[in-house]
Structures are given as C-alpha cells and as structure tokens.
C-alpha cells in the first residue's frame with residue numbers, strides 16, 4: 001500500500017489551457033498500472049485546448065459548473081456529481097462557465113508509452129461563447 005498525503009498544486013501549462021487552471025496529481029502511472037488521475041480546477045472562463053485521448057477520458061465533476069464540448073458541436077453543461085466519458089480519439093475540450101469555478105477529477109488510461117493525450121489548438125473565444133450560448137438558451141440562470 002502507498003499512502004500519498006498530498007501533492008503540490010501546479011499551474012497548468014499555458015500552451016494547453018486558456019485562463020488560469022490548477023492541478024493536483026492523484027495517480028501517476030507506474031507499471032503495471034496505467035491510470036493517471038488529477039484534480040483539475042478551472043477559474044471562470046478557463047478551459048482546455050482541443051485534445052483527444054488514445055484510450056478515452058472520464059471526467060467526474062466535483063465542484064462548480066462547467067462545459068464539455070466536442071468537434072461536432074455537442075456541448076453539455078456539467079455540475080458537481082456528474083460524470084462525462086469521452087471515447088477514444090474524440091476531440092473535445094472542457095472548462096468552467098464564465099461566472100463559476102469548476103473542478104473535476106480527470107482520469108485517463110495510458111497506452112504504455114505515456115498518457116495517450118494529443119493536444120491541439122486552443123478553443124477560440126468565439127467557439128467558447130457559442131458553446132456557452134447552446135447550454136444557456138432558455139435557462140433562467142445562465143451562469
């Protein structure tokens with residue numbers, strides 16, 4: 001058994017995120033295990049770049065309100081207690097809405113050569129605004 005008492009909070013790299021994003025590693029793969037997990041905290045409006053995972057990704061929302069979007073224009077609004085699974089190879093992004101923080105546990109299974117993440121270009125402000133509009137149309141509270 002290993003008991004990890006805490007990990008340092010790191011600022012996520014600006015070349016992969018828009019806005020301020022912070023993470024704490026929960027699990028780092030060590031053979032034979034391949035699970036990587038991190039608690040990721042997004043400030044309002046912060047988001048990942050477009051990216052995909054060779055073996056998929058599971059996101060469990062722990063706090064706040066966020067968005068998860070895909071290249072086909074699908075967007076879901078997520079909040080604490082909800083889970084989203086992104087299948088292998090699906091290009092997607094995730095982050096906080098403009099008025100709330102959002103935190104999730106991100107889980108990926110590596111392919112034996114790394115975590116299998118392919119990082120792509122940033123989600124533009126126009127794409128983010130359009131995504132936000134699709135989940136707030138008709139809602140009483142657009143935050």
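The values are calculated or read from the model by the stated rules, or taken from the named source; none is laboratory data. Since we're looking at a predicted model, the values are computed, not measured. Counting neighbours? That spans all protein chains shown, and the Cβs are built from the backbone with ideal geometry, glycine included.
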- If you check every pair at least six apart or on different chains, which have Cβ atoms under 7 Å apart with a residue in region 25-39 that is assigned to a loop (DSSP other than H, G, I, E, B) first and a residue that is surrounded by 14 or more Cβ atoms within 10 Å (Cβ to Cβ) second? 28/36; 29/35; 29/36; 29/110; 34/109; 34/110
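A quick yes/no check of all residues on (1) assigned to a loop (DSSP other than H, G, I, E, B); (2) more than 30 Å from residue 32 (Cα to Cα):
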| position | (1), (2) |
| --- | --- |
| 65 | no, yes |
| 68 | no, yes |
| 84 | no, no |
| 88 | yes, no |
| 103 | no, no |
| 114 | yes, no |
- Evaluate region 56-67: report whether one residue or more is under 17 Å from residue 124 (Cβ atoms) and within 11 Å of the chain's Cα centre (by Cα). yes
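Please find, within region 70-82, the residue that is farthest from residue 129 (Cα to Cα) out of those that are free of Cβ contacts under 8 Å to residues at least 40 places away in the same chain and part of a strand (DSSP E or B).
Start the filter on region 70-82 by keeping residues that are free of Cβ contacts under 8 Å to residues at least 40 places away in the same chain, which leaves 70-72, 74, 78-82.
Right, trim to part of a strand (DSSP E or B) and you get 70, 78-79.
Values: 70: 14, 78: 16, 79: 18 Å.
Looking at the filtered set, the residue picked out is 79.
Residue 69 - would you say it is touching a helix residue (DSSP H, G or I) at 6+ places or on another chain (Cβ under 6 Å), crowded, with 17+ Cβ neighbours inside 10 Å and more than 20 Å from residue 28 (Cα to Cα)? Walk me through it before giving the result.
Numbers: touching a helix residue (DSSP H, G or I) at 6+ places or on another chain (Cβ under 6 Å): yes; crowded, with 17+ Cβ neighbours inside 10 Å: yes; more than 20 Å from residue 28 (Cα to Cα): yes.
Answer is yes for this residue.
Residues being over 16 Å from residue 39 (Cβ atoms), outside any loop (DSSP other than H, G, I, E, B) and either free of Cβ contacts under 8 Å to residues at least 24 places away in the same chain or in contact with a helix residue (DSSP H, G or I) (Cβ under 9 Å, 6 or more places away or on another chain) (or both): count how many of those fall in region 90-101. Show your work before the answer.
Taking region 90-101 and keeping what is over 16 Å from residue 39 (Cβ atoms), we get 90-93, 97-100.
With the extra rule that they be outside any loop (DSSP other than H, G, I, E, B), the set shrinks to 92-93.
Now narrow it down to the ones that are either free of Cβ contacts under 8 Å to residues at least 24 places away in the same chain or in contact with a helix residue (DSSP H, G or I) (Cβ under 9 Å, 6 or more places away or on another chain) (or both): 93.
Adding up the residues that qualify gives 1.
Regarding region 119-133, can at least one residue be identified that is more than 17 Å from residue 18 (Cα to Cα) and surrounded by 15 or more Cβ atoms within 10 Å (Cβ to Cβ)?
Going residue by residue through region 119-133, those that are more than 17 Å from residue 18 (Cα to Cα) are 133.
Remaining after also requiring surrounded by 15 or more Cβ atoms within 10 Å (Cβ to Cβ): none.
Scanning region 119-133, I find no residue that is more than 17 Å from residue 18 (Cα to Cα) and surrounded by 15 or more Cβ atoms within 10 Å (Cβ to Cβ), so the answer is no.
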- Task: Consider residue 117 carefully, then state whether it is over 13 Å from the mean Cα position of the chain (by Cα) and either within 24 Å of residue 15 (Cβ to Cβ) or at pLDDT 95 or above (or both).
- Result: no
- Does residue 84 satisfy the condition of being more than 30 Å from residue 31 (Cα to Cα) and at pLDDT 95 or above? no
